[in-house]
Amino acid sequence: MALQRCTKHLFNNVRVCTSLIQSMKMCSGGSTSVNPKPDADTPIFPGVQSQWAESLELIHPHSYNKFPVYRVMDRNGCILNPSEEPQLESEFVERMYRTMILLNTMDTVLYESQRQGRISFYMTTFGEEATLIGSAAALAYNDLVYAQYRETGVLLWRGFSVDQFVSQCFGNCEDEGKGRQMPVHYGSKNHHFVTISSPLTTQLPQAVGSAYAYKLANNGRCVIAYFGEGAASEGDAHAAFNFAATLNCPVIFFCRNNGYAISTPTHEQYRGDGIAGHGPGYGITTVRVDGNDTLAVYQVTKASREYAVKENRPVLIEAMTYRLGHHSTSDDSSAYRSLAEVKEWGSLDSPISRLRQYLALKGWWDDAKERSWKEETRKMVVNSLTRAEKVLKPDWKEMFHDVYYDMPAQLS
Amino acid sequence: MVSPVLRLCMRYRVTGLSSGTGQKSPALFHKFITKRYVEFNFSPEKPCEGKGETSRMNLCQAINSALHTTLVNDPTAVVFGEDVAFGGVFRCTLDLQKRFGKDRVFNSPLCEQGIVGFGIGCAVAGTTAVAEVQFADYIFPAFDQLVNEAAKYRYRSGNQFDCGKLTVRAAWGAVGHGSLYHSQSPESFFAHAAGLKIVIPRGPIKAKGLLLACIQDKDPCIFFEPKVLYRAAVEDVPVKEYTLPLGKADVLVEGDAVTLIGWGTEVHILKEVADMAKEQLKVQCEVIDLVTINPWDVETVCNSVKKTGRVIVAHEAPLTGGFASEITAVIQEECFLHLEAPVQRVTGFDTPFPHVFEPFYLPDKWRCFDAVKKTLTY
């Protein structure tokens, strides 16, 4: 089958699926009418450009090769293919690492503070630090981010301060969201990070719409939408993929496949080749990456961004990772997975330790720096927490503002 | 409470569709339920004064004129939805793609949650988005995007982000033969989501001015278009741009006997009922077009009720949880001591919208008139 050949060829180039891009260009020519060519012995149906088959063959899911997992480093932080190593300045990689540690510390302290009853709720990003920092670092600062809820690291990379995070979690009067939403529902216009809402996947078609607006504005920006593999089961994911492909939108769909949607494991979430497997079906350029390899995530996001903006086309990235933390503070994951499993993942494939080893091999990081930064971040977050707790709650009148642009008579 | 069956029987007596002996005539019954039109008389507005040149337009053309005006005046504006490119199944977007290009006027895939979600995203990024949902009956896949997303965008972000530049248009209401899924009036579902504005015009002049107001409004709006009026309603509509106020009800007929409240097509039925009451009962009813379902004009409604002491609210949507219930509740809170009779709701029944039984289902002039008589003799 030609499709199989195409798919096999596709996997020869791991990073960006060039043959697929070519085939999509052919398919997305935008012709509005179908002109049958009676002399050419090819199918002339308006719905497909394909070829005849004279022998019956059912195409099974296993007829396709699975998307490979692109990586740059091995689990010890060693570069596997020097030509794939991003040539990043030491300060830049160090900043990535420091942000991951800060994120980790913030998660630890805020998680504990919830357990102490000081904040009402929290969601950690343990285990997924590389997906967040690696992708955020590859974007332009003003690319619009639509997050799901576990993308604290993206906003942290963009300079949203620890005080701002903590104030949101307390819902005090310094919270930009004015105390209206649960903790971790961050948003910042200044950081081009659209405010998070709890419903899953609603952000995906919205991201496509924003990308379309950017395309018409011709402003060189793109949009990135983060979501989990569970969220990809929602109808909005289908809507978004299909709209982005048909309307040629410069949007990056970034799937964090962390193995679990609350308790539901991936094998009960889908049957095909993960989320990446959806890409070709929608006519979307697609890549799968080792989400625990910060440099690989950086590389695929950078290449995807360049492609999206240059071609005004969507890209689907599936980052494979593992959720080390519970779904949220309302969840105890030991009810559906063993502590041994979590422990094994934490020690076997930690994104933080992998980047640390890379830095160490480069001679850019050492134990003294590690100790000192960890101590500094802990102080930073604890001080912020102590301070934010004492900051007053917003004025009660804020409960009624911003429902509409002007307050209606019923509320005033 | 009068049972639906009893109400139908009462209607037979009023309309003369039953035999003189009170026995139903199968032939007449058959004739009545095989009609394919909604029974109402469109009551055109007087030509606008001071708004310049006018042109004869039906409601469809008035919508087209509003969209055209928007695309000319707002370079960011986009118009999209299923089948929008060739002019739309109701022809409201006719010739817009030819005039403004495929980037600004385009087909979307067949997916309402995608259409609305996409529209929200356009609006968040600063683009004026006018999305078409082909039938209000098919808006429900987008319920989440409208209720959980569009309605709450400004509030949840502390006014950092909003989607006020989004307007969702949808063909709405009974059309004579639309049955369960081409007839519904789902406005009350959306009235329950603070943050959305819901607007329904009664004719071409209102449609153009209100649609332009919705598009320019800083909050997301749902604009329900009574599809039976698309061609039936013709008025002299100002050619240039104009807007009409949202959240403001219109007192169309002044009176002191009974306040009749409706919106969309029902307004024309209520105007006819007011005429019938004047002629047959020698009383003057006050007719109010609510125009905006939410946030609604409590003041205009209550001022009228305080004057008349008697109220009928009529809508095509089913009774239970219909917006008439909300209006009724507010009236009893605000005007209790002024009321001379219980507020009456004349609405569709608590059934799905039926095909051949549509004439029985709708709150037509006879059912409304019957309610007027009852409230006057309470």
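The values are calculated or read from the model by the stated rules, or taken from the named source; none is laboratory data. Keep in mind that this is a model prediction, so the values were computed, not measured. No Cβ is skipped: glycine too gets one built from the backbone with ideal geometry, and neighbour counts run over all protein chains shown.
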Item to complete: Can you work out which of the residues in the stretch A:273-286 that are part of a loop (DSSP other than H, G, I, E, B) and over 14 Å from residue A:229 (Cβ atoms) is farthest from the chain's Cα centre (by Cα)?
Response: A:283
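Residues are listed down the side, and each one gets a yes or a no for (1) away from chain A (no Cβ under 14 Å); (2) under 19 Å from the mean Cα position of the chain (by Cα); (3) buried (at least 24 other Cβ atoms within 10 Å of the Cβ):
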| position | (1), (2), (3) |
| --- | --- |
| B:244 | yes, yes, no |
| B:252 | yes, yes, no |
| B:255 | yes, no, no |
| B:262 | yes, yes, yes |
| B:295 | no, yes, no |
| B:305 | yes, no, yes |
| B:310 | yes, no, yes |
| B:313 | yes, yes, yes |
| B:318 | yes, yes, no |
Item to complete: Filter the stretch B:278-293 down to residues that are surrounded by 24 or more Cβ atoms within 10 Å (Cβ to Cβ) and either outside the structural domain of residue B:352 (by TED's automatic domain parsing) or assigned to a loop (DSSP other than H, G, I, E, B) (or both), then give me how many there are.
Response: 3
Worksheet item: Are any residues in the stretch B:118-165 more than 7 Å from chain A (Cβ to nearest Cβ), within 24 Å of residue A:407 (Cβ to Cβ) and among the small types (Gly, Ala, Ser), and if so, which ones?
Response: B:123, B:150, B:151
Item to complete: Could you please tell me which pairs satisfy a Cβ distance under 7 Å, a separation of 6+ or placement on different chains, a first residue in the stretch A:380-405 that is farther than 26 Å from residue A:105 by Cβ, and a second residue that is surrounded by fewer than 18 Cβ atoms within 10 Å (Cβ to Cβ) and charged (D, E, K, R)?
Response: A:405/B:218
Worksheet item: Tell me, which residue of the stretch B:166-193 that is aliphatic (A, V, I, L, M) and in contact with a strand residue (DSSP E or B) (Cβ under 8 Å, 6 or more places away or on another chain) is farthest from the other protein chains (Cβ to nearest Cβ)?
Response: B:174
Response to the item:
Expected single match for more than 8 Å from chain A (Cβ to nearest Cβ), more than 20 Å from residue B:141 (Cβ to Cβ) and out of contact with any Leu (no Cβ under 6 Å at 6 or more places or on another chain) among B:110, B:94 is B:94
Discussion item. Kindly evaluate residue A:356 against the criterion of being under 30 Å from the mean Cα position of the chain (by Cα), crowded, with 16+ Cβ neighbours inside 10 Å, of a type in the set (Lys, Arg) and more than 14 Å from chain B (Cβ to nearest Cβ).
Written reply: yes
Item to complete: Mind listing whichever residues of the stretch A:182-211 are out of contact with any Lys or Arg (no Cβ under 8 Å at 6 or more places or on another chain), at the interface with chain B (Cβ under 7 Å from one of its Cβ atoms) and of a type in the set (Val, Ile, Thr)?
Response: A:194, A:202, A:208
Worksheet item: Can you spot a residue in the stretch B:73-87 that is in contact (Cβ under 8 Å) with a residue 12 or more places away in the chain, within 26 Å of residue B:178 (Cα to Cα) and more than 14 Å from every other protein chain (Cβ to nearest Cβ)?
Response: no
Fill in: Pick from the stretch B:154-181, criterion in contact with a helix residue (DSSP H, G or I) (Cβ under 6 Å, 6 or more places away or on another chain) and part of a loop (DSSP other than H, G, I, E, B), ranking: surrounded by the fewest Cβ atoms within 10 Å (Cβ to Cβ)
B:161
Response to the item:
Over the stretch A:314-348, the set of residues of a type in the set (Asp, Glu) and surrounded by fewer than 18 Cβ atoms within 10 Å (Cβ to Cβ) is A:331, A:332, A:341, A:344
Item to complete: Restrict the check to the stretch A:228-236 and report whether at least one residue is buried (at least 17 other Cβ atoms within 10 Å of the Cβ), outside any loop (DSSP other than H, G, I, E, B) and in contact (Cβ under 8 Å) with a residue 60 or more places away in the chain.
Response: yes
Worksheet, complete the sentence: All conditions in (1) closer than 25 Å to residue A:217 by Cβ; (2) out of contact with any Phe, Trp or Tyr (no Cβ under 6 Å at 6 or more places or on another chain) are true of residue A:126 except (1)
Worksheet item: Here are some residues: A:229, A:234. Which one is within 12 Å of chain B (Cβ to nearest Cβ), among the charged types (D, E, K, R) and over 23 Å from residue A:119 (Cβ atoms)?
Response: A:234
Discussion item. As an exercise: evaluate residue A:136 against (1) within 10 Å of another protein chain (Cβ to nearest Cβ); (2) crowded, with 24+ Cβ neighbours inside 10 Å; (3) among the small types (Gly, Ala, Ser) and give the number of the one condition it does not meet.
Written reply: (1)
Response to the item:
Residue count, the stretch A:349-374, condition of a type in the set (Ser, Thr, Tyr) and farther than 19 Å from residue A:91 by Cβ, comes to 2
Discussion item. Please count how many residues of the stretch B:83-113 are of a type in the set (Asp, Glu) and surrounded by 21 or more Cβ atoms within 10 Å (Cβ to Cβ).
Written reply: 1
Discussion item. Among the residues that make up the stretch A:287-296, is at least one of them assigned to a helix (DSSP H, G or I), aliphatic (A, V, I, L, M) and in contact (Cβ under 8 Å) with a residue 24 or more places away in the chain?
Written reply: yes
Worksheet item: Can you name the residue in the stretch A:202-222 that is in contact (Cβ under 8 Å) with a residue 24 or more places away in the chain and outside any helix (DSSP H, G or I) and is also surrounded by the most Cβ atoms within 10 Å (Cβ to Cβ) among such residues?
Response: A:222
Discussion item. Could you check the stretch B:89-141 and list, in sequence order, the residues that are among the basic types (Lys, Arg) and within 25 Å of the chain's Cα centre (by Cα)?
Written reply: B:91
Worksheet, complete the sentence: Those residues of the stretch B:132-153 which are surrounded by 24 or more Cβ atoms within 10 Å (Cβ to Cβ) and either farther than 16 Å from residue B:193 by Cα or outside the structural domain of residue B:191 (by TED's automatic domain parsing) (or both) amount to B:132, B:133, B:136
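Residues are listed down the side, and each one gets a yes or a no for (1) more than 22 Å from residue B:245 (Cβ to Cβ); (2) modelled with pLDDT of 95 or more; (3) among the β-branched types (Val, Ile, Thr):
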site	(1), (2), (3)
A:375	yes, yes, no
A:379	yes, yes, no
A:386	yes, yes, yes
A:391	yes, yes, yes
A:394	yes, yes, no
A:398	yes, yes, no
A:403	no, yes, yes
A:407	no, yes, no
A:412	no, no, no
